[in-house]
Amino acid sequence: MTDTLRVLLVDDQPIIRSGFAMMLSVEEDLVVVGEAANGREAIEIAERERPDVIVMDVQMPVMDGIAATRQIVERDLGRVIILTTFDADNYLFDALQAGASGFLLKNAEADQLVDALRAVGHGHAALRPEVTQRVIAQMAAPSAPTAGGEGRHAALLAHLTDRELDVLRLMGAGRSNSEIAADPVIGAATVKTHVSSIFAKLQVRDRVGEVIIAHEAGVVGG
């Protein structure tokens, strides 16, 4: 039986929070441990309840969801899924840079949100395929290191083996594990092991973090 995941709902509209809470109430492995109407309340409740996953709206009074996400991630108070009505790149990239592990629109199907909660709660990223491609495209254009990124990440990258660097480059280019495994040099059996090792050595929590470092350090492209 899967361990129960504790969920915090953050939205300035009570009816939306209630709707999400009702939807999640039928899931045996998901339990809502709190609701917040703004980012500041979210931080306070997260400190008290220590949720596994926080569903975070973007536009809210007092403190917006991006600012709250940044503080929550920095203080390791939970993983964050940004949920918004706005399918805009600035929200997407701001959310990911703040440390969000997922990004969904409010018009997503119920099972998409549930799947995202489970994925993020168990340490994975939750991005729709088209969102992932937008992230990669934005980071790859131009295909050059972010200012200061190469030096900032050099110490972490130095811990990677040559094979792990190959896997990181392929992930940065948007390849899935199965696509990486198709590479005759790497092979299927060791891809998952390499990916997990890269997580640990780069000190990131999910695939999004790996992709960001790959592009900031300039190991992709060329």
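The table for this structure:
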quantity: Any chance R50 is open to solvent by 50 Å² or more (accessible area, probe 1.4 Å) and at positive phi; calculated: yes
quantity: Matching entry among R50, R6, R79 (being within 17 Å of H122 (Cβ to Cβ), in contact (Cβ under 8 Å) with a residue 24 or more places away in the chain and in contact with a Pro (Cβ under 7 Å, 6 or more places away or on another chain)); calculated: R6
quantity: Search result, residues across region 67-117 that are open to solvent by less than 50 Å² (accessible area, probe 1.4 Å) and on the phi > 0 side of the Ramachandran plot; calculated: G78, G99
quantity: Set A155, A144: member being more than 19 Å from the chain's Cα centre (by Cα), at pLDDT 65 or above and not charged (D, E, K, R); calculated: A155
quantity: Residue under evaluation V58, criteria (1) surrounded by fewer than 16 Cβ atoms within 10 Å (Cβ to Cβ); (2) within 18 Å of the chain's Cα centre (by Cα), criterion not met; calculated: (1)
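Residues checked against (1) modelled with pLDDT of 70 or more; (2) more than 30 Å from D52 (Cβ to Cβ):
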site	(1), (2)
V114	yes, no
P129	no, no
V135	no, no
D162	yes, yes
I186	yes, yes
A200	yes, no
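The values are calculated or read from the model by the stated rules, or taken from the named source; none is laboratory data. Bear in mind that the values here come from a model prediction, so they are computed numbers and not experimental data. Here Cβ is always computed from backbone atoms with ideal geometry, including for glycine, and neighbour counts include all displayed protein chains. Only protein heavy atoms, including side chains, enter the accessible area calculation; ligands, DNA and RNA are left aside. Shrake-Rupley method; radii C 1.70, N 1.55, O 1.52, S 1.80 Å.
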